[in-house]
Amino acid sequence: MVIARSRKGDIKLLDKYKIAETESFQKNIHTDPIRSLYSKITDYVYPQLRQNPFFGPNIKKLKGELSSFYRYRIGNFRLFYSIDTGRSVVFIVSLKDRKNAY
């Protein structure tokens, strides 16, 4: 965890990773019911992924053919993403209902 202190003495966590949404994900965020979840994703999920996209209570690394992807559980939905550690970027790939996700 990287911590910075402002001139006023406020402590702020610096983001370790950047978030990049794929074009296919951006097209899907305008559909129901994904549209209603998008504010939760940007306000709650993205800050967590910027700090540590590898570990968390809702994060799981996928296995088999999808082993290069992770999933973040959001109720009945799954947010799928991959990580480029060299460039420190989290690529958001898709958001799907759990019953259609795998």
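All of the numbers you see were taken from the coordinates with simple rules; none came from a lab. Given the structure is predicted, the values throughout are model-derived calculations rather than measurements. Cβ: placed from backbone, ideal geometry, glycine included. Neighbour counts: every protein chain shown.
Sequence-distant or interchain residues sharing an amide H contact under 5 Å with PHE69, placed H: which?
So PHE69 has HN proximity to LEU62.
If I model a spin label as a point 7 Å beyond the Cα along the Cα-Cβ vector, how far apart are those points for LYS63 and SER88 in nm?
3.3 nm
Hey, what do the phi angles of region 15-30 turn into as Karplus ³J(HN,Hα) couplings, whole Hz, using 6.51/-1.76/1.60 and θ = phi - 60°, x for Gly and Pro?
Rounded to whole hertz, the list is 6, 8, 10, 9, 9, 10, 8, 6, 4, 5, 5, 4, 5, 6, 6, 8.
Based on DSSP H runs of at least 4 residues, each adding -39500 (n - 2.57), what is the mean residue ellipticity at 222 nm of the chain after dividing by all its residues, to the nearest 500 deg cm²/dmol? Intermediate results must be reported in sequence, preceding the final value.
Numbers: 4 runs with 23 residues, N = 102.
The helix contribution divided over the chain gives -5000 deg cm²/dmol.
If we sort 71-80, 41-50 on the protection proxy, mean other Cβ atoms within 10 Å, highest first, what's the order? Mind dumping the intermediate values first?
Working: 71-80: 17.8, 41-50: 16.3.
Ranked from most to least packed, the peptides come out as 71-80, 41-50.
Run the quick spin-label model on HIS30 and ASP43: label points 7 Å from Cα toward the beta carbon, then report their separation in nm to one decimal.
2.3 nm
Any idea what Rg and Dmax come out to for region 18-101 if you just take the C-alpha atoms, in Å?
Taking only Cα atoms of region 18-101, I get Rg and Dmax of 12.0, 34 Å.
Report the relative contact order of region 18-101, percent, no decimals, based on alpha-carbon pairs under 8 angstrom and at least 6 residues apart.
Working: 111 pairs, mean separation 26.8, N = 84.
That works out to 32 percent.
Hey, what do the phi angles of region 67-80 turn into as Karplus ³J(HN,Hα) couplings, whole Hz, using 6.51/-1.76/1.60 and θ = phi - 60°, x for Gly and Pro?
5, 8, 10, 10, 10, 10, 7, 10, x, 8, 10, 10, 9, 9
Suppose we keep just the DSSP beta bridges with both residues in the chain; what percent of those would be antiparallel, to 5?
Details: 19 of 23 bridges.
Bridges in the chain are about 85 percent antiparallel.
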